[in-house]
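Below is one structure, written out as structure tokens; the observations come after it.
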Amino acid sequence: MATEASTSSSDFIKNLGKMYGTYTGGFIAFILLLALLEQVGVPNKILGYFFVFFTLAVYAIIGVMTRTAQVSEYYVAGRRVPAFYNGMATGADWMSAASFVGMAGTLFLLGYDGLAWVLGWTGGFVLVSILIGPYLRKFGAYTVPDFLSFRYGGNFARFLGVIVLVACSFTYVTAQIYGTGLIASRFLGMQFELAVFAGLVGILLCAMLGGMRAVTWTQIAQYVVLIIAYLAPIVILSTMKYGIPIPELTYGRAIAEITAREQQMLATGLATAASLKPHIQPFINYSPLNFFAIIMCMMVGTASLPHILMRYFTTPSVREARQSVAWSLLFIFLLYFSAPAYAAFSKLEVYTNIIGRDLTAIRPWLFNWGELGLIQICGKNAATIDAVVAACKAIAGHPGVVRLQDFVINTDVIVLSTPEIAGLPYVISGLVAAGGLAAALSTADGLLLAIANALSHDIYYKMIDPNAPTMRRLTVARALLVVVAVVAAATAATKPADILAMVGWAFSLAMAGNFPALVMGVWWKRTTATGAVCGIIAGFGLCLFYLVVSRYFPGAGVKYFGMTSLLNPVTGAPVVDLVKTMALPNAMESFPTLAHPLANKVGWFNLNNIACGLLGTPLGFAVIYIVSLLGKEPSKEMQDYVDEIRKPRGRTVLEEKTT
Amino acid sequence: MPDSTSLKQKEEAHWRKTSRLMWTHLGIWFFFGFIIHMFVEPLNKIVIPILGFPLGFYMAAQGSLIVFVVMLFVFARQQDSIDREFGFAEDD
């Protein structure tokens with residue numbers, strides 16, 4: 001099914017190491033050059049623009065150079081991407097703006113409980129490799145709905161697959177474009193809407209002409225930028241503080257210091273028991289049920305997200321698909337096991353150099369962020385010393401030193417401010433911004449392609465016009481890509497309130513909608529089309545219902561569906577008084593009233609709505625199992641196809657017209 | 001081409017071994033993804049010498065992750081050798 005590789009393209013594969021090696025060297029030289037420029041007095045703003053536009057230009061050049069007019073190149077990069085490089089591309093595909101910028105901040109705020117996200121966003125790759133990915137590669141699909149359609153009797157299953165795919169990918173891609181806007185506006189002082197537009201152009205240049213092929217080779221370039229950018233500040237900081245350039249080893253000592261300092265702060269009245277959440281103490285932000293539910297949903301969600309699964313369609317063999325999952329996780333691991341170090345070093349800095357300090361002696365790095373409203377002291381933006389002093393004076397009985405309860409920090413600041421905390425030159429801050437952009441853009445590329453491919457391949461080619469010639473298929477694919485990108489960017493530009501929470505929802509929705517049908521389709525021959533279709537509808541439906549009701553119609557949830565208040569993980573008391581809030585005049589109000597007093601605070605079994613996949617997935621499995629047993633066994637032919645999927649050797653099951 | 005009954009038997013034996021490998025790795029995954037973190041409080045009483053991490057925290061921040069990475073490389077090899085054993089592996 002792979003088209004015959006021309007000599008020039010096999011040379012291309014052979015030279016990958018040299019090319020990306022040179023590229024990485026060039027990028028490091030570029031950083032050093034900018035560092036030099038900074039020393040001779042080039043202003044920060046110019047340096048920042050250099051970083052952003054140089055990296056964007058490189059991605060765009062790769063995107064244009066790898067354009068293609070072949071369908072199999074456009075959809076699955078010709079199935080020629082070696083395991084190692086596909087792993088790198090998957091790493092960039094996977095790690096979003098939220099991982100790069102938000103993860104460390106979450107760990108800063110939640111301490112141990114935040115590790116649910118670290119575990120959840122890594123362990124899922126085990127499931128990808130042992131349960132699903134390699135089998136879909138053998139099957140020979142272009143998209144996940146392709147498999148559902150073939151295995152489960154046609155276009156209705158395909159259509160359901162597309163619905164699930166769009167439901168979990170669209171909000172996710174919007175969040176990435178929003179992320180580009182946020183990073184560029186915070187870091188470079190660009191206007192938010194302008195930054196969103198620049199991000200959009202960057203994404204389109206990468207993805208439009210070359211589809212999967214172009215996205216693959218740019219994602220590898222983006223991985224290099226993002227991992228250097230993430231590790232550089234923390235490695236330097238670790239070397240400065242502890243003399244060892246491996247922060248993952250040294251932050252253990254920082255944690256010990258934090259724990260000691262926490263006791264001291266309590267003893268000296270700098271923190272109250274209510275405001276202090278000990279860093280290593282488990283289950284004070286999430287109840288054990290929710291902690292493990294988040295891990296489970298993120299892991300299983302990983303193994304169900306179409307934009308991740310489709311990366312393993314691009315390897316030359318099933319064997320390489322498996323190796324590639326291992327490489328992916330290794331590359332992802334490099335970032336995720338460093339994130340807790342960021343959190344620990346930042347927390348130590350805040351606890352020792354801000355909390356307990358006299359108001360007039362606060363460290364100056366903080367004012368840049370205070371000005372943007374990202375750090376508040378005594379309830380006001382910490383823009384200047386005078387502002388802080390004035391704000392704290394207004395509080396009766398304030399001791400004149402910063403107490404823990406006076407201090408509020410936006411989680412995005414943790415990664416972005418680390419270079420300044422360490423007193424590093426601006427060039428490192430610019431590098432971090434470029435890394436954050438790379439993370440957001442690469443994930444956006446992958447998601448956009450997943451959506452546009454589902455629309456062009458599954459809806460247009462398979463359902464509307466199966467006789468469409470290649471040229472028209474590619475034209476439609478590109479046109480849809482532009483349309484989806486523009487709609488996503490337009491949505492992001494309105495700064496929708498729930499956008500970041502929706503990324504978490506995507507995992508649960510993907511898990512409930514895809515996981516049972518994909519796993520059963522490979523691992524249980526007896527699974528019937530009717531069973532799978534019912535299972536997808538039931539599982540996805542229940543998950544979506546739980547999300548929408550508890551978020552947007554909480555009053556109805558309480559009144560009609562028996563939802564109760566979530567419980568405080570420490571005291572076990574309800575977080576809202578249902579009787580009192582239900583008596584309020586707006587209790588039954590719903591979307592778009594976003595500030596509903598019950599929103600996200602009610603549910604069943606004290607389960608956070610972000611983990612709704614934990615309700616939908618077991619139901620999906622059960623429905624598929626029961627309905628399948630009630631129906632007739634799948635045809636002998638279909639069972640033979642399943643046997644074929646299970647054996648790496650031989651041709652792919654699905655044969656696409658490629659010319 | 002071998003006759004179809006022996007191919008069937010080979011397919012079944014191959015799948016039995018593949019399934020066993022799947023359950024083994026799923027078990028390890030579940031242990032390091034969930035079970036071990038249920039014991040975080042007692043594990044936190046143990047502090048890793050020199051590095052200073054409480055063990056429970058360390059397992060969630062790094063230990064389990066390292067296990068997952070290693071496990072995936074091992075799994076890729078094991079599954080490949082099963083495929084080779086039955087002649088179902090792709091040509092190198």
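In nm, to one decimal, how far is the A:Ala573 label point from the B:Arg16 one, both placed 7 Å along Cα→Cβ?
Result: 6.0 nm between the two label points.
Find the relative contact order for chain A and round it to a whole percent, using C-alpha pairs within less than 8 Å whose residues are 6+ positions apart.
Working: 1136 pairs, mean separation 160.4, N = 659.
Relative contact order comes out at 24 percent.
State to the nearest 20 debye the size of the charge dipole of the stretch A:280-363 about its Cα centre, where the only charges are +1 on K and R beta carbons and -1 on D and E beta carbons. Please list the in-between numbers first.
Numbers: 6 positive and 3 negative charges, 27 e Å.
My answer is approximately 140 debye.
Which links in A:Lys138/B:Lys10; A:Lys138/A:Lys525; A:Lys495/A:Lys580; A:Lys462/A:Lys636 stretch past 21 Å when you go from one Cα to the other? Mind showing how you got there, number by number?
Values: A:Lys138/B:Lys10 19 Å; A:Lys138/A:Lys525 16 Å; A:Lys495/A:Lys580 32 Å; A:Lys462/A:Lys636 25 Å.
Cα-Cα > 21 Å for A:Lys495/A:Lys580; A:Lys462/A:Lys636; rest within.
Which trypsin sites (Lys or Arg not before Pro) from the stretch A:558-659 combine a DSSP loop assignment with at most 13 other Cβ atoms within 10 Å?
Details: sites: A:Lys559, A:Lys580, A:Lys601, A:Lys632, A:Lys636, A:Arg646, A:Arg649, A:Arg651, A:Lys657; in loops: A:Lys601, A:Lys632, A:Arg649, A:Arg651, A:Lys657.
Answer in residue order: A:Lys632, A:Arg651, A:Lys657.
Calculate how steeply helix A:211-242 sits against the longest principal axis of the alpha-carbon atoms of chain A, using the helix alpha-carbon long axis, and give the answer as 0 to 90 degrees to the nearest 10.
With both axes taken from Cα atoms, the answer is about 30 degrees.
If you keep only loop residues by DSSP, which chymotrypsin sites (Phe, Trp or Tyr not before Pro) in the stretch A:554-659 have at most 14 other Cβ atoms within 10 Å of their Cβ?
Numbers: sites: A:Tyr560, A:Phe561, A:Trp604, A:Phe605, A:Phe621, A:Tyr625, A:Tyr641; in loops: A:Trp604, A:Phe605.
Loop-located and lightly packed - A:Phe605.
Let a ≥ b ≥ c be the square roots of the eigenvalues of the Cα gyration tensor of chain A; is it rounded (a/c under 1.5), or, if not, prolate (a/b larger than b/c) or oblate?
Verdict is oblate for chain A.
What percent do you get for the relative contact order of the stretch A:271-392 when only Cα pairs under 8 Å and 6+ apart count? Working shown, then result.
Working: 61 pairs, mean separation 11.8, N = 122.
For the stretch A:271-392, the relative contact order is 10 percent.
Just to be sure I understand the model, the point goes 7 Å from the Cα along the line to the Cβ. What's the resulting A:Ile626 to A:Glu371 distance in nm?
6.2 nm
Would you mind working out the magnitude of the charge dipole of chain A relative to its Cα centre, with +1 at each Lys and Arg C-beta and -1 at each Asp and Glu C-beta, to the nearest 20 Debye? Before the final figure, lay out each step's value.
Details: 43 positive and 32 negative charges, 196 e Å.
Roughly 940 debye, rounded to the nearest 20.
Rule-of-thumb check for the stretch B:37-87: C-alpha Rg over 2.2 N^0.38 Å? Display every interim value, and only then the final one.
Working: Rg = 16.5 Å, N = 51, 2.2 N^0.38 = 9.8 Å.
That works out to 1.68 for the stretch B:37-87.
Angle, helix A:470-493 long axis vs. longest principal axis of chain A, Cα atoms, 0 to 90°, nearest 10?
The answer is roughly 20 degrees.
Run the dipole for the stretch A:521-646 about the Cα centre, Lys and Arg Cβ at +1, Asp and Glu Cβ at -1, nothing else charged, and hand back the magnitude in debye, nearest 20.
On the way: 9 positive and 7 negative charges, 51 e Å.
About 240 debye.
Can you tell me, using C-alpha contacts under 8 Å and at least 6 residues apart, the relative contact order of the stretch A:521-646 as a whole percent? Spell out each step's value before the answer.
On the way: 173 pairs, mean separation 57.7, N = 126.
Relative contact order for the stretch A:521-646 comes out at 46 percent.
So if the hydrodynamic radius of the stretch A:325-451 is defined as the Kirkwood radius over C-alpha pairs, what does Stokes-Einstein give as its diffusion coefficient at 25 °C and 0.890 mPa s, in µm² per second? Could the numbers behind the result be given before it?
Working: Rh = 16.5 Å.
The calculation lands on 148 µm²/s.
Expressed as an acute angle from 0 to 90° and rounded to the nearest 10, what is the orientation of the C-alpha long axis of helix A:247-267 relative to the principal long axis of chain A?
Its long axis makes an angle of about 40 degrees.
Enter the Cα centre distance for the pair the stretch A:176-196 and the stretch B:1-72, rounded to the nearest angstrom.
Answer, in whole Å: 40.
Be a star and scan the stretch A:22-41 for residues whose amide nitrogen sits under 15 Å from the point 7 Å along the Cα-to-Cβ vector of A:Phe54.
A:23-41
Grab the DSSP H runs of the protein assembly as shown that are 4 residues or longer, score each as -39,500 (n - 2.57), total them, divide by all residues and round the 222 nm result to the nearest 500 deg cm²/dmol.
Working: 32 runs with 490 residues, N = 751.
About -21500 deg cm²/dmol.
Sorting A:Trp369, A:Trp523, A:Trp121 on the 10 Å Cβ count, fewest up front, what's the list? Could you put the intermediate results ahead of the total?
Details: A:Trp369 22, A:Trp523 17, A:Trp121 26.
With the fewest neighbours first, A:Trp369, A:Trp523, A:Trp121 line up as A:Trp523, A:Trp369, A:Trp121.
In the protein assembly as shown, with Lys and Arg counted as +1 and Asp and Glu as -1 at Cβ, which of these residues, B:Ser4, B:Phe31, B:Phe73, has the Cα nearest the positive end of the dipole, that is, farthest along it?
B:Ser4
Find which of A:Ile244, A:Val325, A:Ile62 sits farthest along the positive direction of the dipole of chain A, computed with +1 on the beta-carbon of Lys and Arg, -1 on that of Asp and Glu, about the Cα centre.
A:Val325
Of A:Met563, A:Val642, A:Val522, which is farthest along the charge dipole of the stretch A:521-646 in the positive direction, counting Lys and Arg as +1 and Asp and Glu as -1 at C-beta?
So the residue we want is A:Met563.
What net charge do the residues around B:Asp92 carry, taking every other residue with its C-beta under 13 Å from that of B:Asp92, with Lys and Arg at +1 and Asp and Glu at -1?
Numbers: positive: A:Arg319, A:Arg649, B:Arg84; negative: A:Glu320, B:Asp80, B:Asp83, B:Glu90, B:Asp91.
Every neighbour counted, the sum reads -2.
Every read-out reported here was derived from the displayed coordinates using simple, explicitly stated rules and does not represent laboratory data. Computed from a predicted structure; not experimentally measured. Glycine also receives a Cβ, built like all others from the backbone with ideal geometry; neighbour counts cover every protein chain displayed.
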